[in-house]
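Below is one structure, written out as structure tokens; comments come after it.
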Amino acid sequence: MKHTLAVEVENTPGVLARVAGLFSRRGFNIDSLAVGRTDNPAVSRMTIVVEGDDRYLEQLNKQLHKLVDVIKISDITRDAYVDRELVLIKVSADAARRAEIMQLVDIFRARIVDVGPKTLTIEVTGNDGKITAFEESLRPFGIKELVRTGKIAMLRGFKAGSKNINNKEEEES
Amino acid sequence: MGAVKLSGAEILLKSIEAEEVDTIFGYPGGMALPIYDALYDSGIRHILGRHEQGVAHAADGYARATGKPGVCLATSGPGATNLVTGIANAFMDSVPMVAITGQVTRSSLGRDSFQEADITGITMPIVKHSYLVKNPDELAQIVKEAFYIATTGRPGPVLIDVPSDISLSRIEYRQPGEISLPGYKPAPDVEPKQIEEAAGAIACSKRPLIYAGGGVVISGAHNELLKLAEMLAAPVTCTLMGLGGFPGTHPLFLGMLGMHGTKFANFAVCECDLLIAVGARFDNRVTGKLETFAPKAKVIHIDIDPAEIGKNIRVDIPIVGDVKKVLGQLLAVLKPNLEDAWRQKIQAWKKEYPLKYCDSGNIKPQYVIQEIYNLTEGNARITTEVGQHQMWTAQYYTFNKPRSFITSGGLGTMGFGLPAAIGVQVGCPDEVVFDIAGDGSIQMNIQELCTAVNYELPINVAILNNGYLGLVRQWQEMFYNRRYSHSELINPDFVKLAEAYGAVGIRVTKKEEVVPALKRAIKSKKPVMIDFIVDREDNVLPIVPPGESLDKMLG
């Protein structure tokens, strides 16, 4: 199954190389990885999505912990968390089809961030399901370019909860 | 105010001295010159090697023999890359080492400057941690952290890459602060629940076996291990790295296990109902086929590194912590459990399947090793290269004391033994040091003989010369239809070579000359290289074929 790891690391040069290098030499596959600094400029937060069974995850977790720059690892997969991904999509849009595309943008609560003579560039955030659905809806129009940030995630403010609440929040956003 | 200004290089050396380091091993070069200039006035003893790989192995040998961190120093580019094998070797065998490399100036970094190599990048998978110094103000703190990381928890090598303009810059020296590494927890607390569970499993066990690794030696837990074994009357088998961690002459000792282990050790693994792994990591040379390893046993695994637990095999009772501390806590709650039937079975195996070799008219390598043991009364420090001679040493030299056997286990580095012997002799000046070598391995760092002569280090090199890369030849004989592809060696005249370096060279071609030659070497107080012309096609036996179960031993 897919696991979402929230990894706090020292914001030092080379820390990304250390983490990425560990994944490759121990044979762990990264599904996605997003990294940026936290409210504390000395600390960065990585959200890493990996696929594997519990034993695989345990070993990955322990190996990551051996890196001196890794401060804290939380496997938040089974906890209640909020996750988001931001995607930019440039889609072919001649005058005749623009209205149709803008309708889709409305339905998915996406935003048009750039308008070209023959294209529209759309920003959409959400979880994997929503983004995939949106991508599929746009495909018939002709996707020229697509870029995803990778998922970022955060535990909810309360402990008890279930994945259902995640999904509910998703629909509202 | 009015603090003294020091150069970066001076601060580097001052910080190293603050870690109670009195000896370093190194080789100068352009980008390390500011450090070498400061070394000229420093109280630190510097041993000049002849190749950076030798320098790294010498620091490694020094660290293994003394338990203190080994420090090596090299210049940028090729100097740094030549350290790489030595760093990897220290990493695989958990040796505390601090490697310092010169680097091109900060402004030249990333421009493919002369003798520039991204050594922090190159060594990333083989260091415990590394630093590229970007600011001279950080230097003192970095050195303090580096030694702390190298020597605590599971020890390992730490690299500090110092651009030459950092070494040259003059700044006010400030004492380093407290170490703050929120991501580094070297010594986890032992969970009392795990100790209880282990004690429970031990109490129920009818056929316990202790499998001890290098962690026993590193943690200094040999006395605790002895107590544990005697309290339970449990047989003890050691890994290559664990040899010396338990007295080789003890009746409970089974010798080494695994690929070239004794039959009785491997039978004990197959038959035991409880395997107590102490500071060992279930290497594939130990386990053979994983699926059939210790098939009847519950497994207790004691290790300081949580990542070793469950890495290769399923563990029933993990105990994470320093081996010495864990064994101490375990001993406090254990009750004697002397199971006689198991001990008798083991003794019967020992009688039935002893280690043996057939005497021929020629010199047997095993015999030479036994005589080194006899003549030094087991008190020598032994290093080895890698190959048949190494395995025979593990089998036929009876190691009784920790840190008496210094060998490249994990990485299996040919060329380790000679420079390591130099490091050992520097660390233990009054002891007899032997490098037991093969004619192939010895040529990989033979230039270090000059270092031994240079510093009047009376090491003894015993070459077991069979004119082959012996272990390669053995595998070709056993697994490749005797197709001896590129394993036969044309060798130099080792006696002349020794003499050319200024050492004593002795050639031994007859069995009766073995003991006199060894006596002469031990007495000489000079570096000596003895070329023992041994039986050419002897094999290391028993052998578990690669990937087979431990009970499928041949020989």
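Looking at the stretch B:105-124, which of the residues that are in contact with a Leu (Cβ under 8 Å, 6 or more places away or on another chain) and part of a helix (DSSP H, G or I) is farthest from the other protein chains (Cβ to nearest Cβ)? Out of the qualifying residues, it is B:119. Per the listing B:506, B:490, B:530, B:522, the residue uniquely over 27 Å from the mean Cα position of the chain (by Cα), crowded, with 16+ Cβ neighbours inside 10 Å and among the hydrophobic types (A, V, I, L, M, F, W, C) is B:506. Among the residues here, residue B:182 does not qualify as buried (at least 21 other Cβ atoms within 10 Å of the Cβ) and within 14 Å of another protein chain (Cβ to nearest Cβ).
Scanning the stretch B:360-385 for residues that are over 15 Å from residue B:511 (Cα atoms), touching a strand residue (DSSP E or B) at 6+ places or on another chain (Cβ under 7 Å) and not hydroxyl-bearing (Ser, Thr, Tyr) returns B:380, B:381, B:382, B:385. Note on the stretch A:1-54: among residues that are of a type in the set (S, T, N, Q) and buried (at least 16 other Cβ atoms within 10 Å of the Cβ), the one that is farthest from the other protein chains (Cβ to nearest Cβ) is A:32.
This table checks each residue for (1) over 28 Å from residue B:386 (Cα atoms); (2) more than 14 Å from chain A (Cβ to nearest Cβ); (3) of a type in the set (Lys, Arg); (4) in contact with a helix residue (DSSP H, G or I) (Cβ under 8 Å, 6 or more places away or on another chain).
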residue: B:59; (1), (2), (3), (4): no, yes, no, yes
residue: B:80; (1), (2), (3), (4): no, yes, no, yes
residue: B:101; (1), (2), (3), (4): no, yes, no, yes
residue: B:126; (1), (2), (3), (4): no, no, no, yes
residue: B:133; (1), (2), (3), (4): yes, no, no, yes
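The number of residues in the stretch B:280-306 that are under 23 Å from residue B:196 (Cα atoms), of a type outside the set (D, E, K, R) and in contact with a Leu (Cβ under 9 Å, 6 or more places away or on another chain) comes to 6.
When the residues of the stretch B:148-169 are filtered to those that are part of a helix (DSSP H, G or I) and of a type in the set (S, T, N, Q), which remaining residue is surrounded by the fewest Cβ atoms within 10 Å (Cβ to Cβ)? It comes out as B:151. Here residue A:123 meets the list (1) away from chain B (no Cβ under 14 Å); (2) in a strand (DSSP E or B); (3) surrounded by 15 or more Cβ atoms within 10 Å (Cβ to Cβ) almost entirely, failing just condition (3).
Within the stretch B:309-333, restricting attention to residues that are of a type in the set (D, E, K, R) and closer than 17 Å to residue B:217 by Cα, the residue that is farthest from the chain's Cα centre (by Cα) is B:325.
Residue B:393 - would you say it is in a helix (DSSP H, G or I) and crowded, with 23+ Cβ neighbours inside 10 Å? Taking the combined requirement at face value, the residue satisfies it. Filtered by the rule that a residue be buried (at least 22 other Cβ atoms within 10 Å of the Cβ) and within 14 Å of chain A (Cβ to nearest Cβ), the stretch B:282-308 gives B:282, B:301, B:303, B:304, B:308.
With the condition being under 17 Å from residue B:365 (Cα atoms), I'd like the helices (runs of 4 or more DSSP H) fully within the stretch B:442-517 carrying at least 2 qualifying residues. Per the criteria, B:470-479. Just one of the listed residues (B:233, B:201) is surrounded by fewer than 21 Cβ atoms within 10 Å (Cβ to Cβ) and either aromatic (Phe, Trp, Tyr) or modelled with pLDDT under 95 (or both), namely B:233. Of the residues making up the stretch B:370-390, just one is without any contact (Cβ under 8 Å) to a residue 24 or more places away in the chain and in a helix (DSSP H, G or I), namely B:374.
The values are calculated or read from the model by the stated rules, or taken from the named source; none is laboratory data. Quick caveat: nothing in here was measured; it's all calculated off a predicted structure. Glycine gets a Cβ as well: all are built from the backbone with ideal geometry, and neighbour counts include every protein chain shown.
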